[in-house]
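Working notes, structure below.
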């Protein structure tokens, strides 16, 4: 027997969605889906910001301009709130991610107990990390995802998350019962 040729190496304390070699279906085609999802999210965020902008104009006019500085600040928080609340929410995905069939999963200790859903803090770190790293690098920082097997970006590493194919798409609906 060759030394070291025992059973396959297993990684302890990593959920199945964190193992790209043992469970590759979580990661197949994730990168183009993330791009597609973000393009859809740009549209959603644009609509939300448009509505917030109109509301800020109305509230600003009603207060004779006193609330405009506050409203400008609140309008700028719309993308951060959108991404944080949807990623940290029940479905762990933005609307674009849901349409693309992907979701964000936590790699933090104990993530299996809550189904892999990231916490709001992880979602906030991921969102701020995304906007904070993409703006100064003109999105070139996202190339990092092409050089690791889990396709994680820098903001995924910072938050302790990974974006995977949504496991719900693999379950087939049960057939209707046959009546006699």
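Among (1) under 24 Å from residue 28 (Cα atoms); (2) within 12 Å of the chain's Cα centre (by Cα); (3) part of a helix (DSSP H, G or I); (4) touching a residue at least 40 places away in the same chain (Cβ under 8 Å), which single condition is residue 124 missing?
Tallying (1) under 24 Å from residue 28 (Cα atoms); (2) within 12 Å of the chain's Cα centre (by Cα); (3) part of a helix (DSSP H, G or I); (4) touching a residue at least 40 places away in the same chain (Cβ under 8 Å), residue 124 fails exactly one: (1).
List the helices (runs of 4 or more DSSP H) that sit entirely inside region 1-99 and contain at least 1 residues that are at pLDDT 95 or above and on the phi < 0 side of the Ramachandran plot.
Per the criteria, 30-62, 78-87.
Among (1) touching a strand residue (DSSP E or B) at 6+ places or on another chain (Cβ under 6 Å); (2) in a helix (DSSP H, G or I), there is one condition residue 164 misses while meeting the rest; what is its number?
For residue 164, the failing item is (2).
Given 130, 138, which one is surrounded by fewer than 19 Cβ atoms within 10 Å (Cβ to Cβ) and either over 21 Å from residue 92 (Cβ atoms) or in contact (Cβ under 8 Å) with a residue 12 or more places away in the chain (or both)?
138 is the lone residue from the list that is surrounded by fewer than 19 Cβ atoms within 10 Å (Cβ to Cβ) and either over 21 Å from residue 92 (Cβ atoms) or in contact (Cβ under 8 Å) with a residue 12 or more places away in the chain (or both).
Inside region 132-154, can you point out the residues that are assigned to a helix (DSSP H, G or I) and within 15 Å of residue 35 (Cα to Cα)?
Result: 134, 140, 141, 142, 143, 144, 145, 146.
Within the set of pairs 6+ apart or on separate chains, which have a first residue in region 15-28 that is over 12 Å from residue 102 (Cα atoms), a second that is at pLDDT below 85 and assigned to a loop (DSSP other than H, G, I, E, B), and C-beta atoms under 6 Å apart?
From residues that are over 12 Å from residue 102 (Cα atoms), the pairs are 16/23.
Filter region 100-120 for residues that are assigned to a helix (DSSP H, G or I) and free of Cβ contacts under 8 Å to residues at least 24 places away in the same chain; which is surrounded by the most Cβ atoms within 10 Å (Cβ to Cβ)?
That would be 114.
For region 74-97, name all the residues that are free of Cβ contacts under 8 Å to residues at least 40 places away in the same chain, out of contact with any helix residue (DSSP H, G or I) (no Cβ under 6 Å at 6 or more places or on another chain) and closer than 18 Å to residue 165 by Cα.
86, 89, 90, 91, 92
The values are calculated or read from the model by the stated rules, or taken from the named source; none is laboratory data. As the structure is a prediction and not an experimental result, all values here were calculated from the model. When we count neighbours, we look across all protein chains shown, and the Cβ atoms used for this are built from the backbone with ideal geometry, even at glycine.
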